[in-house]
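Got a structure for you, written out below as structure tokens; questions coming shortly.
The values are calculated or read from the model by the stated rules, or taken from the named source; none is laboratory data. Worth saying up front: this structure is predicted, and the values here are computed from it rather than measured. Here the Cβ positions follow ideal geometry from the backbone for every residue, glycine too, while neighbour counts run over all protein chains shown. Heavy atoms of the whole protein, side chains included, go into the accessibility calculation; ligands, DNA and RNA do not. Shrake-Rupley method; radii C 1.70, N 1.55, O 1.52, S 1.80 Å.
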Amino acid sequence: MSTVLVVVEQKNGALGRISLEAVAAGQALATTIGGDCAAAVLGDSTSAVANELASKALGRIYTLEHPLLKHYTPDGYNAALQQLIQKTSPAYVVFPHTYQVRDFAPSLAARFGQSLISDVVAIHSGDGNPVFVRQLFQGKLNADYRRSATQSAPGFVSIQAGSFRVEDLKSGTASAEPFPVELDVSHIRTTPSEPFRESAQTVDLGAAPVIVSVGRGIREQENMPLIEALAQALGAELAASRPICDAGWLPIERQVGSSGQTVAPKLYLAVGISGAIQHLVGMKGSKTVVAINKDENAPIFEVADYGVVGDLFEIVPELTKAILAAKS
């Protein structure tokens, strides 16, 4: 049976949402090729992550532990994963598309004479041969990629954040299996420094189930309380397109888009957002999109499930009143 191996990424003993999305993608890919899905986690201590994965529908969880894997280095990860892949012979290796994966996965694929199909947003069945969809020119075009039937395994794929939903993860019971890794300090050509410390984020929009997002249609900062009241009525997180954050009307951590956060809420309410492609790539994973815009030709309506053409200054207050009345 063909196997899909998902390499998850941990941080301080915890899995990020994008790693769980990669597991969901791996499960879907395994179904497409009629195989099973396994996961691999690297580090000097992997028990916490293995326990988190134990409730997922996985054939097994490979734990690759070694002191030289305590801190990420491309040489260490490549050497360890090369040993695992050579031993287990998966049909596909799936990664979350993170900065770390971008650093080491292409060279890992090259060790097997393969290329990495990166930033995949969807996987389709193509007569038993999976079709991987990537977006080009910031989402203006979709391109289909498939491996030739004559290509040797494994195929290497990374999954774009927000393209697969954590809610679609299949539950099950999985057991951890230690995989012995042979590493020597001479294999590591770089010396890792202290991890980069990002400024503390006051909100993780990627975990929000409901988001109200505002764009230039709000006109002035003095009108922002109108949107804040709607978000509060819905119990939603407040977000914005880039111009709003560039103007300083909302902090930068609330920006959604290619240069901001990628989100995948159950409900995304876009108010006064025209729908530039840079914004759409950040919210395309939303389950339901509702757009309010006075321009009936705004690009946001092309991706919206429900659209309201009209003046937001008339619609939003009435919508907020209706929501509060329904909740009372």
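Tell me, what HN-Hα J-couplings in whole Hz come from the Karplus equation 6.51 cos²θ - 1.76 cosθ + 1.60 at θ = phi - 60° for each residue of the range 159-167, using x for Gly and Pro?
These are the phi-based 3J(HN,Hα) values: 10, 5, 4, x, 7, 10, 9, 4, 5 Hz.
Still on this structure, I have one more. Given the range 1-102, what percent of its DSSP beta bridges are antiparallel, to the nearest 5?
15 percent
Still on this structure, I have one more. Compute the Cα gyration tensor for the range 266-328, then decide on rounded, prolate or oblate, letting a ≥ b ≥ c be the square roots of its eigenvalues: rounded whenever a/c is under 1.5, prolate when a/b is larger than b/c in the other cases, and oblate in all that remain.
Oblate shape, in that a/c is at least 1.5 and b/c is the bigger or equal ratio.
Now, a different point. At 1.4 Å probe radius, can you tell me the per residue accessible area of the range 57-159 in Å²?
Solvent-accessible surface per residue comes out at 46 Å².
Local charge sum around V309 (other residues, Cβ-Cβ under 14 Å, Lys/Arg +1, Asp/Glu -1)?
In short, -4.
Just how far, in whole angstrom, is the range 210-252 from the range 153-170 if you go by their alpha carbon centroids?
Here the answer is 31 Å between Cα centres.
Oh, and also: If we count chymotrypsin sites (Phe, Trp or Tyr not before Pro) as exposed when they sit in a DSSP loop and have at most 14 other beta carbons within 10 Å, what is the longest stretch of the chain that avoids them all?
After excluding every exposed loop site, the longest remaining stretch is 1-136.
Around H97, under 12 Å between beta carbons, what's the net of Lys plus Arg minus Asp minus Glu among the other residues?
It works out to a net charge of -2.
Let me make sure I get this right: for the range 219-302, a, b and c are the square roots of the gyration tensor eigenvalues over alpha carbons, sorted descending. Under 1.5 in a/c it's rounded, otherwise prolate if a/b > b/c, else oblate. Which is it?
rounded
Let me ask something additional. Exceeding 21 Å between C-alpha atoms, which entries from my cross-link table qualify? They are K170/K266; K266/K294; K170/K287.
K266/K294
Let me ask another. What is the local net charge at P243, summed over the other residues whose Cβ is closer than 14 Å to its Cβ (Lys, Arg +1; Asp, Glu -1)?
+2
Now, a different point. Once phi is turned into θ = phi - 60°, what whole-Hz ³J(HN,Hα) does the Karplus curve with 6.51, -1.76 and 1.60 give for every residue of the range 184-189, x standing for Gly and Pro?
Result, rounded to whole Hz: 10, 4, 5, 6, 9, 8.
Which of rounded, prolate, oblate describes the range 26-78, given a ≥ b ≥ c as roots of the alpha-carbon gyration tensor eigenvalues and a/c under 1.5 marking rounded, otherwise prolate only if a/b is larger than b/c?
The shape class here is oblate.
Calculate what fraction, in whole %, of the accessible area of the chain sits on carbon and sulfur atoms when a 1.4 Å probe is rolled over the protein chains.
C and S fraction of accessible area: 49 percent.
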